[in-house]
Amino acid sequence: MSNIKKEQPVGIFDSGIGGLTVAHAIKQMMPFENLIYFGDTAHLPYGDKSEAAIQAYSIKIADVLLKKNCKVIVIACNSASSAAYELLKEYVQHAVKVINVIDPMVEWVSQNFHDCSVGLIGTKRTVQSGIYAKKIQASNRNITLHSLPAPLLVPMIEEGFFNNKISRNIIEEYLRDPLLEKISALILGCTHYPLIKKEISDFYHDTIAVLDSSDVVARALYEYLSHAGLLNDQGRGTDHFLVSDFTDSFEASTKLFFHEAVHLEKHPLWN
Ligand code: DGL
């Protein structure tokens, strides 16, 4: 990693546009960084895909980001973090650092919720991987994790159903599951969920901590770049948003996730 310059862009990817919640947190914390975001809209959702398929897509995306000279790769997707992080690390070897969305959250939970019961909601891929449970157990902090797949939440959010009666009903249906009784905190294990964070907190009447990974991941990136001397502290912070398939509705939805509308450039994964 020795020849990397701080002016090189930060690469971020997700199955689609949900990872823009992480990109937004990164931009807020590090406004001078140049971002290259890749949303694999041709293959979303990842949450229902096999581990092998997600690994293949992730490798292709890493190739795109490396070709674009990214100095670090952030996997802004829980499903891809659980399926492809270890493989990606091996694949890029020492070319660049790979940061996932799971480890920073596990670290935060381990530091702040020892001896507690903690809940997790996420896609089927993320929950079935058992990766959060494995990593939390490895932290030895006596934390019991209760994980519930919530597959309807991603399509619900993408269809613009949040802060309304339908979303409240679906959210309640999941959160009433006995598995999630008596938890002290709930991990939002999917990069779409920050959009329904308030509804989830409302369900609990703010009595438990609702943990969204965007800020902790941005902080992990900040710490890595600072320690490595790679933090870009001046410049214009130019961003590019690539997608493997373009539709007007993807572009329209960017505003929800990134807090401002962005232009999406089509960049097929397979030429
Ligand atoms: N962004 C994905 C995640 O965080 C959810 C969307 C999908 O299933 O592709 O798991």
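The distance between label points at residue 29 and residue 114 comes to 2.3 nm (points 7 Å beyond Cα on the Cα→Cβ vector).
When the square roots of the Cα gyration tensor eigenvalues are ordered a ≥ b ≥ c, the ratio a/c for the range 55-166 is 1.5 or more and a/b does not exceed b/c, which makes its shape oblate.
Computed in the context of the full set of protein chains, the accessible area of the range 1-140 at 1.4 Å probe radius has 49% of its extent on carbon or sulfur. Under the simplified labelling scheme, the residue 223-residue 255 pair shows an inter-label distance of 3.7 nm, with each label point 7 Å from Cα along Cα→Cβ. A simple charge model with +1 on the Cβ of Lys and Arg, -1 on the Cβ of Asp and Glu and nothing else charged puts the dipole of the range 79-199 at about 80 debye relative to its Cα centre.
Hey, can you rank 39-49, 229-239, 6-16, 175-185 by average C-beta count inside 10 Å, highest first?
6-16, 39-49, 175-185, 229-239
Under 5 Å between amide hydrogens, built in the peptide plane, is the criterion, and for residue 146 it picks out 118, 119, 120 among residues at least 5 positions away or on other chains.
Computed from label points 7 Å out along Cα-Cβ, the spacing between residue 42 and residue 238 is 2.5 nm.
With R₀ set to 41 Å, the beta-carbon distance separating residue 53 from residue 7 gives a calculated FRET efficiency near 0.75. Relative contact order of the chain: 27 percent, from C-alpha pairs under 8 Å at least 6 residues apart in sequence. Positive-end ranking of 196, 22, 4 along the dipole of the chain, with charges on Cβ about the Cα centre, is headed by 4.
Expressed as a rounded percentage, what relative contact order does the range 36-137 have, with Cα pairs under 8 Å and six or more residues apart?
This gives 32 percent for the range 36-137.
A 1.4 Å probe run over the range 7-104, with the rest of the protein chains in place, finds 31 Å² accessible per residue.
The values are calculated or read from the model by the stated rules, or taken from the named source; none is laboratory data. Worth saying up front: this structure is predicted, and the values here are computed from it rather than measured. Using ideal geometry, Cβ is built from the backbone for each residue, glycine included, and neighbour counts are taken over all protein chains shown. The accessibility values were calculated without ligands, DNA or RNA, using every heavy atom of the protein model including side chains. Shrake-Rupley method; radii C 1.70, N 1.55, O 1.52, S 1.80 Å.
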